[in-house]
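For reference, the structure discussed in these notes is given below.
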Amino acid sequence: MHKKAIVIGSGIAGLAASIRLKNKGFEVSVFEANSYPGGKLSEMVIDGYRFDAGPSLFTLPDQVEELFRISGKDPKAHFDYIRLPVACHYFWDDGTQIKAFGDTKKFAEEVENKLGEPAANVFESLRKSAFIYDHLAPLFMHKSLHRFGTWTNKVALKSYFKMGKLGIFSTMNKANEKQFSNPKMVQLFNRYATYNGSNPFETPATLNIIPHLEFNIGAFFPKKGMHDITLSLYKLAMDLGVKFNFNSKVEEVIVRDRKAVGVIISGNSHYADMVVNNMDMVNAYKTILKNEKQPTRILNQPKSSSALIFYWGIKKNFPELDLHNILFSENYKEEFDHIFSKKSIYSDPTVYINITSVYKSDDAPDGCMNWFTMINVPNNQVQDWDKLIQEARKNIIQKINRILQTDIEPLIKVEEILEPRTIESRTSSANGALYGNSSNNKYAAFLRHANFSSDIKNLYFCGGSVHPGGGIPLCLLSAKIMSEMIEG
Ligand SMILES: Cc1cc2nc3c(=O)[nH]c(=O)nc-3n(C[C@H](O)[C@H](O)[C@H](O)COP(=O)(O)OP(=O)(O)OC[C@H]3O[C@@H](n4cnc5c(N)ncnc54)[C@H](O)[C@@H]3O)c2cc1C
């Protein structure tokens, strides 16, 4: 008889957990509240324009490939992607443009030519980033921080001696100001804090680990779009025999004798030997675990930023735009003060435009483009969102018109909006935060929920709101860390 596992939620981590547990010999059933898999990693199609709804930047593709490999399949036959020659195209109001070439030598030349920033500073910064990665990734990304063994192994001991060089005692902004002479370079490298919804003026310089992922390892794009990560993993799970139940919102985790033994859906009990929760941890404790002991300190940690996205079908081709484009704010500090302190939206926000039709031409009609136009915004604290969104739309359009020397409004053929309230309602993410807790202090990593419950046996956690954090690669790693704790 196979042991049974129930997974709550089919976000990217829930899919990965189901694949890993199936490979361990469990009979796996996934219960998903929505009618589709993928959670935040979904897509929408409007009048011939296809949009990846959530994540747009893809790093560490080997985390996806590993799921095929452990299932005895050749990843390339099921999921294909390219490495981007240009990770991002940056624009400023004064007309400066920088291409972040995937080839770091070319990128260093570009910033030396256009900004007068010595190429050596770029190489040094990326060397430091790789150093942080080499010392911290094996510990913080690949292991549970909540197991004694993690802190006594060789890798951990090596890191203790390098503590001073890992950026723990400085902020990302301070480290970047020290590293670069040109404020535009500081701004460009400060932007990496947004990759996990944090504030570069507060988050520890340890997060300077992120440029290593994008420059040294690479930024990638799945040939069929980001949503193909969801589709290919969903298909893999189905082929392995995982059972999916959609429109099945879990109402309660059944706990008996301090053990998770099943879930309740529409009043019916479903039993299993273990339960894996992929639902946002904060909302899980508020709903399906509401009768259990609450880890109050962890639940009360400040949340990451959220996003306001306009999905625009644009009736024109802009050849100067790439897959990822950033139109920088003139005052980055003020923008982050608005997001994290004032809980509002700055009048000159940094605008991110993601256009998958640059690489996948069938994502938009001929001569048109699919613009995923996003700004970082505070998480939902019941602000007057309708008013904020209206003002932000006006400011975003003005910024695009200024920088691209265009009149964008008449070119918008279709429009759909995603904002903190809808992010929260569609995926049950606390406050509509994109990445669970923010990483704005040096203890943040330790104040994320573990991948298991210390109170309830056989209850496990994976996904962006628990260790090691949000974003696709970390979500996939959360499922890996979780499954490594489970005997097959
Ligand atoms: C706009 C946006 C942009 C982003 N950009 C990037 C990016 O560029 N790169 C990147 O790496 N990451 C990005 N992220 C973050 C990334 O999308 C998330 O970290 C990741 O997708 C979260 O996956 P997850 O497995 O934690 O679950 P989620 O995607 O949050 O899914 C959880 C699932 O659980 C289900 N569920 C909830 N409650 C219940 C219940 N009671 N019963 C049953 N099912 C339930 C939900 O319906 C949902 O399907 C972005 C996110 C957003 C929203």
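The values are calculated or read from the model by the stated rules, or taken from the named source; none is laboratory data. Keep in mind that what you see is a predicted model, and the values were worked out from it rather than measured. We place every Cβ from the backbone using ideal geometry, glycine too, and count neighbours over all the protein chains shown. Surface areas here come from the heavy atoms of the whole protein model, side chains and all, with no ligands, DNA or RNA. Shrake-Rupley method; radii C 1.70, N 1.55, O 1.52, S 1.80 Å.
For this structure, a couple of remarks:
- Looking at the chain, the accessible area is 40 square angstrom per residue; that uses a 1.4 Å probe and ignores ligands, DNA and RNA.
- Chymotrypsin sites (Phe, Trp or Tyr not before Pro) restricted to DSSP loop in segment 412-488 with at most 14 other C-beta within 10 Å: Tyr443
- When the chain is described by a simple charge dipole with +1 on each Lys and Arg Cβ and -1 on each Asp and Glu Cβ, the residue from His338, Leu240, Phe446 located farthest towards its positive end is Phe446.
- Think of each Lys and Arg Cβ as +1 and each Asp and Glu Cβ as -1; about the Cα centre, that makes the dipole of the chain roughly 1720 debye.
- Farthest positive-ward along the chain dipole, Cα basis, beta-carbon charges - from Gly102, Gly262, Ser198: Gly262
- Taking a sphere under 13 Å around the Cβ of Asp273 and counting the other residues whose Cβ falls inside, with K and R at +1 and D and E at -1, yields a net charge of +4.
- Along segment 393-400 the Karplus relation, 6.51 cos²θ - 1.76 cosθ + 1.60 evaluated at θ = phi - 60°, assigns HN-Hα couplings of 4, 4, 5, 5, 4, 4, 5, 4 Hz to successive residues, with x for each Gly and Pro.
- Per-residue ellipticity at 222 nm from helix content only, as computed over the chain with -39500 (n - 2.57) for each DSSP H run of at least four residues, stands at -9000 deg cm²/dmol.
- Computed 3J(HN,Hα) for segment 317-324, one whole-Hz value per residue from the Karplus formula 6.51 cos²θ - 1.76 cosθ + 1.60 where θ = phi - 60°, is 9, 10, x, 6, 8, 10, 5, 10, glycine and proline marked x.
- When the trypsin sites (Lys or Arg not before Pro) in segment 258-330 are filtered for DSSP coil states and for at most 14 other beta-carbon atoms within 10 Å of their beta-carbon, the remaining sites are Arg258, Lys290, Lys293, Lys316.
- Each residue of segment 407-412 is assigned a 3J(HN,Hα), and the resulting list reads 10, 7, 3, x, 8, 7 Hz, derived from the Karplus form 6.51 cos²θ - 1.76 cosθ + 1.60 (θ = phi - 60°), x at Gly and Pro.
- Helix 119-136 axis, angle to the chain major axis (alpha carbon atoms, nearest 10°): 10
- About its Cα centre, segment 19-90 has a charge dipole of approximately 220 debye under the convention of +1 per Lys or Arg Cβ and -1 per Asp or Glu Cβ, with nothing else charged.
- At the residue level, Asp366 shows approximately 150 square angstrom of accessible surface with a 1.4 angstrom probe and all protein chains present.
- When the solvent-accessible area of the chain is split by element, carbon and sulfur atoms take up 51 percent of it, the probe being 1.4 Å.
- 5 angstrom amide H check on Lys40, placed H, neighbours 5+ away: Ile12
- Relative to the longest principal axis of the Cα atoms of the chain, the long axis of helix 104-115 makes an angle of roughly 40 degrees.
- Tilt relative to the chain, helix 472-484 - C-alpha long axis, 0 to 90 degrees, to 10: 20
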